[in-house]
Amino acid sequence: MIDETSEQSAFEVTGDAGAGFLHQLTGVIARHGGDITSVQIMESRPASRTYFEVEMAGDATPMLDELRALPVVQEVRLVNSMQKIYGKRIIIMGGGAQVGQVAIGAISEADRHNIRGEHISIDTIPLVGESELAEAVRAVARLPRAKALVLAGSLMGGEIEQAVRDVRAQGLLVVSLNMAGSVPGAADLVVTDPVQAGVMTVMAIADTAKFSIDKLKNRVF
């Protein structure tokens, strides 16, 4: 178990692509007591490039040296973690016009907090269709560092509503525009103005903001 004194190391490993490559890397990490908190295979051919975030007690140098000594490894490079660079992610999806307006508010507010030391990034995807949106909503819970989802549209319900309830149960904050359909009733927060929806979502996840959804008596604005 990793104790409170553990530190995070982020590094990229380049090596010979092929079966068992990842197994060899994770074996070294495990032998040194490393806890892999994030892993991403960025490229598999012709060479494999794999990004790791690992927490471990003590100095990570022996682990990195053993990784470099593996015959299949070409290079191990220390990098800044994605959390440090990009931080928390807000995902905005729905109709293009509404997505764009929510993004205006979210990006403007994120900039205000990021200059004070926060790291909040905004991702957008214009998307229509009940099944397509429901699948995309559920996928947000699998995205690394995703903290909030904003649903921006004029009509959403059915399968999308259930998807919203599913990701909320996994701890994702869901903000909805005040639209027709059942999705607003399933969201954590409903905001009529799209720009304000973007602003309030950033405020809800920012450590540098005093705003908290849990303290709101009214969840519809």
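The values are calculated or read from the model by the stated rules, or taken from the named source; none is laboratory data. Owing to the predicted nature of the structure, the values given are computational and were not obtained by experimental measurement. Ideal geometry is used to build each Cβ from the backbone, glycine not excepted, and the neighbour counts take in all protein chains shown.
Odds and ends about this structure:
- Residue-level analysis places Leu149 outside the set of residues that are at pLDDT below 95, surrounded by 15 or more Cβ atoms within 10 Å (Cβ to Cβ), closer than 21 Å to Gly105 by Cβ and in contact with a strand residue (DSSP E or B) (Cβ under 6 Å, 6 or more places away or on another chain).
- Single unsatisfied condition, Thr26 versus (1) of a type in the set (S, T, N, Q); (2) over 30 Å from Met179 (Cα atoms); (3) not in a helix (DSSP H, G or I): (3)
- Here Ala47 passes the criteria (1) among the small types (Gly, Ala, Ser); (2) surrounded by 17 or more Cβ atoms within 10 Å (Cβ to Cβ); (3) without any contact (Cβ under 8 Å) to a residue 60 or more places away in the chain except the one numbered (2).
- The residue list Val190, Val128, Val137, Val167 contains one member that is touching a Ser or Thr at 6+ places or on another chain (Cβ under 8 Å) and on the phi < 0 side of the Ramachandran plot, which is Val190.
- The criterion of at least 3 residues that are touching a residue at least 24 places away in the same chain (Cβ under 8 Å) and closer than 20 Å to Lys147 by Cβ is met by the following strands (runs of 3 or more DSSP E) wholly inside the range 55-136: 88-94, 120-126.
- Residue within the range 30-37 that is assigned to a helix (DSSP H, G or I) and either under 25 Å from Gly171 (Cα atoms) or of a type outside the set (Asp, Glu) (or both) present: yes
- Within the range 162-221, the set of residues being over 19 Å from the mean Cα position of the chain (by Cα), more than 18 Å from Leu133 (Cβ to Cβ) and assigned to a helix (DSSP H, G or I) comprises Val195, Gln196, Ile213, Asp214, Lys215.
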